[in-house]
Amino acid sequence: MIGHHPREPLDERDRTVLDEIRRLWDVADPPPPGLAELSAFAVQLAGPDTDILKAADRQLLAGARGDERSRSITFDGARLTAVVTLTPAGDDSFRLDGWISPPSALAIELRTAGGTLSTTADERGRFVFERVSRGVVQLLIHDNGTTMTPSIEV
C-alpha cells in the first residue's frame, strides 16, 4: 500500500522520515541557544492563581548621556499594569525602574539567572532594582495572588 492513513500508528519508515526532517531543520534553522532553558525559566512559576501580564508597548529611549540607551516596556494584565524602564549602568549591568498601577506598596521580586532580588514598591507604586546583571529576567508582583511579566532579555 502506497498511502498511509492518518489514524494508523507510525511505523519504522514513518519514524525514519520524521527523523530526517528533524535533522534537516536542525541544520537549516536550528533553535536559538538556550531556548529550552529560557522556556523553563518563563513558565516555572506559573500556576492557576498567576496573572501573566502581556507586553503592551515597547519604546527605545535615548539616554541622557552619550550613547546610553534606555528602553521602557509596559505590561498589562487583569489586575494591574506595570511599566519598567531599563537603563544601562555602564558595567555590563542595568538599573530597572518600575511603576505599578493602581499604585500600591506591594512586594516585588526580580527573577534573574543569578537568583531572585526583592524589594517593595512605595505607596505610589514605584520600585527600583540597581545593578542587575544582563540576561533573562522576570518581574513578579505579589498582590492578591501573583502577577508576573513574561521573561525579557536585558
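Consider Gly98 carefully, then state whether it is modelled with pLDDT of 90 or more and within 19 Å of Val154 (Cβ to Cβ). Reasoning before the result, please.
On the way: modelled with pLDDT of 90 or more: yes; within 19 Å of Val154 (Cβ to Cβ): yes.
Here the answer is yes, as Gly98 does meet what is asked.
Of the residues Asp91, Asp76, which single one is over 20 Å from Ile52 (Cα atoms), at pLDDT below 95 and touching a strand residue (DSSP E or B) at 6+ places or on another chain (Cβ under 8 Å)?
Working: Asp76 fails: over 20 Å from Ile52 (Cα atoms).
Within the list Asp91, Asp76, the selection yields Asp91.
Collect the residues in segment 114-150 that are crowded, with 17+ Cβ neighbours inside 10 Å, part of a loop (DSSP other than H, G, I, E, B) and either in contact (Cβ under 8 Å) with a residue 40 or more places away in the chain or in contact with an Asp or Glu (Cβ under 8 Å, 6 or more places away or on another chain) (or both), keeping them in residue-number order.
Answer for segment 114-150, where residues must be crowded, with 17+ Cβ neighbours inside 10 Å, part of a loop (DSSP other than H, G, I, E, B) and either in contact (Cβ under 8 Å) with a residue 40 or more places away in the chain or in contact with an Asp or Glu (Cβ under 8 Å, 6 or more places away or on another chain) (or both): just Thr149.
Checking the structure you have, find out if any residue of segment 101-110 is surrounded by 13 or more Cβ atoms within 10 Å (Cβ to Cβ), β-branched (Val, Ile, Thr), free of Cβ contacts under 8 Å to residues at least 40 places away in the same chain and in a strand (DSSP E or B).
Yes, some residue in segment 101-110 is surrounded by 13 or more Cβ atoms within 10 Å (Cβ to Cβ), β-branched (Val, Ile, Thr), free of Cβ contacts under 8 Å to residues at least 40 places away in the same chain and in a strand (DSSP E or B).
Looking only at segment 127-147, count how many residues are over 18 Å from Asp76 (Cβ atoms) and polar (S, T, N, Q).
1
Since Ala78 meets every condition but one in (1) in a loop (DSSP other than H, G, I, E, B); (2) out of contact with any Asp or Glu (no Cβ under 8 Å at 6 or more places or on another chain); (3) surrounded by fewer than 13 Cβ atoms within 10 Å (Cβ to Cβ); (4) of a type outside the set (Ser, Thr, Tyr), which condition does it not meet?
Just one mismatch for Ala78, condition (2).
Just a yes or no: is a residue in segment 113-125 among the basic types (Lys, Arg), touching a Pro at 6+ places or on another chain (Cβ under 6 Å) and modelled with pLDDT of 90 or more? Working first, answer last.
Taking segment 113-125 first, the residues among the basic types (Lys, Arg) are 124.
Narrowing further to those that are touching a Pro at 6+ places or on another chain (Cβ under 6 Å): 124.
Remaining after also requiring modelled with pLDDT of 90 or more: 124.
Yes - at least one qualifying residue is present in segment 113-125.
The values are calculated or read from the model by the stated rules, or taken from the named source; none is laboratory data. Quick caveat: nothing in here was measured; it's all calculated off a predicted structure. Neighbour counts are summed over all protein chains in view; Cβ atoms, including those assigned to glycine, are modelled from backbone coordinates with ideal geometry.
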